[in-house]
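Comments concern the structure below.
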RNA sequence: GCGGCCAUAGUUUAGUGGUAAAACACGGGUUUGUGGUACCUGGGUCUCGGGUUCGAUUCCCGGUGGCCGCCCCA
C-alpha cells in the first residue's frame, strides 16, 4: 500500500486553514488568487514526505522472525564451511563497479545508484558485493593468507531499477566468496552451501541451474562463432537483441522474446565450444555434483549479467510453478578479476542470495522462523511510591534473567492487567501502596487468577521456581 | 529506461461536485486496587502540488509512491 503524507508545522497548517476560510469569504476571484499565491510561500517550510525512497522499505518487527532465521542459518552455515565475516562500505567509487562489472552490462549501464558527492567524487551505492570485496582483498594483502580464503558478508545492495514485487532498489544479500583455488571442487562446494542455505531455511523444492561460459580464450572463439550465427539470423531478432549483438552478444541467449528464443535454441552453445581446460573443469564439477546427489539442470542459456565471470555460472530457483519466476540467488567463478584489478593471480568463486526473495518464499511455504523469547512476567504498579520502586524491581528481575514486561505509563491496575493479558504472560506482579510499604509483592497467576503475597527479597527465587515448575499452559481471558 | 493500473482512519475496504462510512485494531470510560464479554467514547479532513468550479476527497494536469508487464536481476 502506498502511503504519502506531508508534514508541516502545526502553525502552518492552521495558517492554511485560516487562509482557506478567508477565501470562502472573498468574492472576487482576483483577491482569492492573490491570497492563494502568497499563502503557500508563507507556509511552505520544506515539507517532507512521509514515505521511504522509491524501491526501499522498512523491515518491520513482525517480519523480523524470518530475517532473524535467515541470519542465523546463513551465519551457522558460513562458520561450518570456514567462512570469515567481512564488512565493507556500502559506497565505492563508481569506477570500481563500472570497470569490473562491465560497462556494457545493464547493472552498470542503467541500474547504478550513483551520484556525485560534495567533494565532487563520483560514487555509487554497491550494486553487489564482489567488486568491493575484491578491492578490499587486494588492498589488505589477503593473498598472503592461507588458501582458500573464504569470506562472507550480509547487507544492503542497490540497483536503480523500476521496483516490483521481489525487486527493490535496496535489497539485502548474503554473499560468499572463496579465493585462491581453481579446483572445480570449490565450485561444487559453493553450490552445495548455496543449496543447503536455501533448503535449511525451509525451501525444500529448488532447482539448480549450471552452465559454463568458458575462459577468456575459448570465450573469444565461441563469441565469434555466436556472432556469425546471430548475424545470419539478424532479421529474426528483436530490436534490443540487434543492439546486444554489438554490445554483449552473449546476452541475446537470455532474451525472453519468442523469436529470439527460437533463434538461440539452435545457436551454438558455449559448453560445446569450451577449451580443453574449461571442458574438463565443467565435467569434473558435474561429477562432484552427482556425487553430492545435488540435482541440477544444465542451462546453456544461463550467462548472467556481469562481465567478470569465467567458467562456472549457476543460479538457484525456487521449484514452485505458480507465481512469478525469480531466482533466489546465483553466482559463478571469476578467475581473472583480482588480477585485472591489479592484484596477484587469484582464482575465485562466489555467490549471493537475495534475502527479500528468500523471506518471501519462506512465507509462502510457511517455513520456520525465529522469534526471541517473550516475557512471561508483567510488572504492574499502583501509586506514586510503587511507581518509584518499580523501576528498580524491573531491573532487578531482568538482571536475574527473568524477562519482564511493563506499561509504566498507565495508571490504573485495570488497564495494566489488560496489557498483561494481551501479552499472554504467565504471571503479573502487582506492586501497590500497601505492598511497597510492606516490602512485598502480589504474584498473580494469570491462568488461574490465584494470587499470593510474597516478600520482596524472595521474589526472584520464587518467580524462577514458578516459571520452571509450573510450565504454565495459559488460558487467558479471551473468546 | 518504456507501457498499463492504482492512492480514503493504524489495517482492510465503502462512498460523494457541497469538508466522509464500516469492520478490525488502538486510546479513554462504565465510581473505591484486578484481565474476558457488553455498552459508551476518541481519532481521518480523503498521497502532495496546481487547474476547472460559488464550492473538489470526487473532474483535469503534474509530482511522489505502490502494483503489474517489458528490460534486467537477488
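Values in this text are rule-based calculations from the coordinates and carry no lab data. Note that this is a predicted model, so its numbers are computed, not measured. All Cβ positions, glycine included, derive from the backbone under ideal geometry; neighbour counts span all protein chains shown.
Some observations on this one:
- In chain A, the calculated helix contribution to ellipticity at 222 nm averages -12500 deg cm²/dmol per residue, counting -39,500 (n - 2.57) for every DSSP H run with n ≥ 4.
- Hydrodynamic radius of the range A:177-233 per Kirkwood, over alpha carbon pairs, in Å: 14.4
- Across chain A, Cα-Cα pairs farther apart than 43 Å form 41% of the total.
- Unit Cα scatterers, Debye sum, the range A:377-469: log10 I(q)/I(0) for q = 0.13, 0.18, 0.21, 0.23 Å⁻¹: -0.36, -0.73, -1.03, -1.27
- Note that the range A:290-436, at 25 °C in a medium of 0.890 mPa s, gets a Stokes-Einstein diffusion coefficient of 117 µm²/s from its Kirkwood radius over C-alpha pairs.
- Nearest-ten-degree value, helix A:355-364 long axis tilted from longest Cα axis of chain A: 70
- Angle between chain A longest axis and helix A:384-399 axis [Cα atoms, degrees, rounded to 10]: 40
- Packing-based order for A:415-422, A:382-389, using average beta carbon neighbours within 10 Å, highest first: A:415-422, A:382-389
- Cβ-based exposure ranking for A:143, A:281, A:344, A:171, in which fewest neighbours within 10 Å come first: A:344, A:143, A:171, A:281
- Between the helical axis of A:216-232 and the longest alpha-carbon principal axis of chain A there is an angle of about 80 degrees.
- DSSP bridge orientation in the range A:377-469 - percent antiparallel, rounded to nearest 5: 55
- Calculated on the Cα set of the range A:241-314, radius of gyration then Dmax: 13.9, 42 Å.
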